[in-house]
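This report refers to the structure that appears directly beneath it.
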Amino acid sequence: MKQLVLLTICVLALMPLEVLSNDTKGLTIEKSFLQSVHDCAEYLQVPKHRLVQYLAYEFPPDEETKCLIFCVGTDLRWWNNTCGLQVPAIMNYFQPVLGDRQYEKRTSECLERNVHTAELPNNCCQAYETFQCYFREFGNLVTCPQYVPATKLQATQAALDCLTVLRVPTDLLQCYSKGDLPDVPETRCLYHCIDHRTGLYTTESGIHLSRFYVRDLEVNDLRYLSKETKACRDRVRMSGCDVCSEVYNTHRDCLSGIGVDGYTSGIIAEASRIALTNLGVCCEDKQVLPLSVEVVAAEVVKEVEEEEGYSYASYQPVVPRVAFPPILPKPTLPVHVVKCTSPTCSHRPPVCSTCGSVPKVVPVETLYPAVRRTGPFEKTVNPQPMVYPELPLPCTKPAPVSISHKINKPATALSALPARSYAQRSPYPSFHRTCKAEHFGRSF
């Protein structure tokens, strides 16, 4: 039996992280205690044998374990270096034993004795001792995934995404940025989008009051969990209105004055200012005129004249005043036309001394046309003409050829000549002889 338990713990240690988490939508985060232990062990590079020990719910009081618990508390939002313990968040991960009515008293006494009055050296020790009080006195550790509240930065990003998706017009963005949220359909659907994206509302269950209680963990307002608030939420949900009006009316009629005052309206105002900045629109109703180059130059020179000593921005000596140089037109290069003319010959070729013929001069232009380039530089190339002298004619006429003699035919007929062998028929060897008989040296 003991071996089976150890095998199960080893399997959990090697199990992928996605198995221990729920499939969530939007920016909603649901995380279990074991998954957070896995993540922090990866961040802090904890050895595998220590991870198996932690999965068996053994947390020895050494420095490595204390810093691991501090990481888990930061990851699950139940520990903050500024405020310390966040009670609504840590209560999500502990379930009191049925019938136990002294768990809160025992936990408070443990915290007072080991955390509040004790001088602990660092945050790792404080988070570890806080966790040990809840682990020993409050109840059993919950292993299933629980809701992790979004930070203020994550909630603002969710509101900014909703403003973009819903295509809220610019005039409404300017109203939102000033904290003015008019009761219009765009505002109602914006409330629905933000709560749905951060996991505070689902279509199946409506408004999750327990998650609102965890979201406003700074104030620990138990009125979120009261019967009156639940009845108000159910009454709005059963009224038959659309989902946008359901969420907006629940905020207005049931959640007003509970928890952090103006939490949702505050993140909407902040997201609207970011949206206006991204669109390049000023938040206030002022006409922005484009500045010319002269105005900008005058402002820079004025700031340089007023500054003395060192610059407060970079703590570097102020650059000496330098007047802005005038903007001169770009210099244009002169266009030169280069023309190459053919050289003139100093003398002509001499006349033939035998027949008196004059050499014929053939210009190259008649054979090869001149080459002219187009563009900023024009170039005409006329190569030197080449001289082709005519062959000299003989000065005396050649003797006429006499054709009076006759060619005597041989008296012997060709048929009377003896037949020559095949090898004697041509003075050169034949390269086309492929007869197999000749190849083997046989004669016919």
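Mind listing whichever residues of segment 235-272 are under 17 Å from S210 (Cα atoms), assigned to a helix (DSSP H, G or I) and in contact with a strand residue (DSSP E or B) (Cβ under 9 Å, 6 or more places away or on another chain)?
Answer for segment 235-272, where residues must be under 17 Å from S210 (Cα atoms), assigned to a helix (DSSP H, G or I) and in contact with a strand residue (DSSP E or B) (Cβ under 9 Å, 6 or more places away or on another chain): R237, V247, T250, H251.
Output the residues belonging to segment 119-142 that are over 21 Å from C71 (Cα atoms) and open to solvent by 30 Å² or more (accessible area, probe 1.4 Å).
The answer is E137, and nothing else.
Considering segment 217-241 alone, what residues qualify as being charged (D, E, K, R) and either crowded, with 19+ Cβ neighbours inside 10 Å or touching a His at 6+ places or on another chain (Cβ under 9 Å) (or both)?
First, pick out the residues of segment 217-241 that are charged (D, E, K, R): 218, 221, 223, 227-228, 230, 233-235, 237.
Within segment 217-241, just R233 meets the criteria.
Output the residues belonging to segment 160-179 that are among the acidic types (D, E) and either under 24 Å from the mean Cα position of the chain (by Cα) or closer than 22 Å to H196 by Cα (or both). First the steps, then the outcome.
If we filter segment 160-179 for residues that are among the acidic types (D, E), which is where we start, we get 161, 171.
Result: D161, single match.
From L76, L190, L98, which residue is surrounded by fewer than 21 Cβ atoms within 10 Å (Cβ to Cβ) and among the aliphatic types (A, V, I, L, M)? Full working, then the answer.
Numbers: L76 fails: surrounded by fewer than 21 Cβ atoms within 10 Å (Cβ to Cβ); L190 fails: surrounded by fewer than 21 Cβ atoms within 10 Å (Cβ to Cβ).
Exactly one of L76, L190, L98 is surrounded by fewer than 21 Cβ atoms within 10 Å (Cβ to Cβ) and among the aliphatic types (A, V, I, L, M), namely L98.
Can you list the helices (runs of 4 or more DSSP H) lying wholly within segment 74-162 that have 2 or more residues being out of contact with any helix residue (DSSP H, G or I) (no Cβ under 7 Å at 6 or more places or on another chain) and of a type outside the set (G, A, S)? It would help to see each step written out before you state the result.
Numbers: elements: 87-90, 103-111, 123-133.
Filter on segment 74-162 gives 103-111.
Residues being assigned to a loop (DSSP other than H, G, I, E, B) and of a type in the set (D, E, K, R): count how many of those fall in segment 203-234. Show your work before the answer.
Here is the first cut: in segment 203-234, the ones assigned to a loop (DSSP other than H, G, I, E, B) are 203-205, 208, 216-221, 226.
Add one more test, that the residue is of a type in the set (D, E, K, R), and what stays is 204, 216, 218, 221.
The total comes to 4.
Mind checking whether some residue in segment 143-158 is in contact with a Leu (Cβ under 7 Å, 6 or more places away or on another chain), open to solvent by 20 Å² or more (accessible area, probe 1.4 Å) and over 30 Å from T74 (Cβ atoms)?
no
The values are calculated or read from the model by the stated rules, or taken from the named source; none is laboratory data. Quick caveat, the model's predicted, so the values are computed rather than measured. Virtual Cβ from ideal backbone geometry, glycine too; neighbours counted across all protein chains shown. Side chains are part of the model used for accessible areas, which takes the heavy atoms of the whole protein and leaves out ligands, DNA and RNA. Shrake-Rupley method; radii C 1.70, N 1.55, O 1.52, S 1.80 Å.
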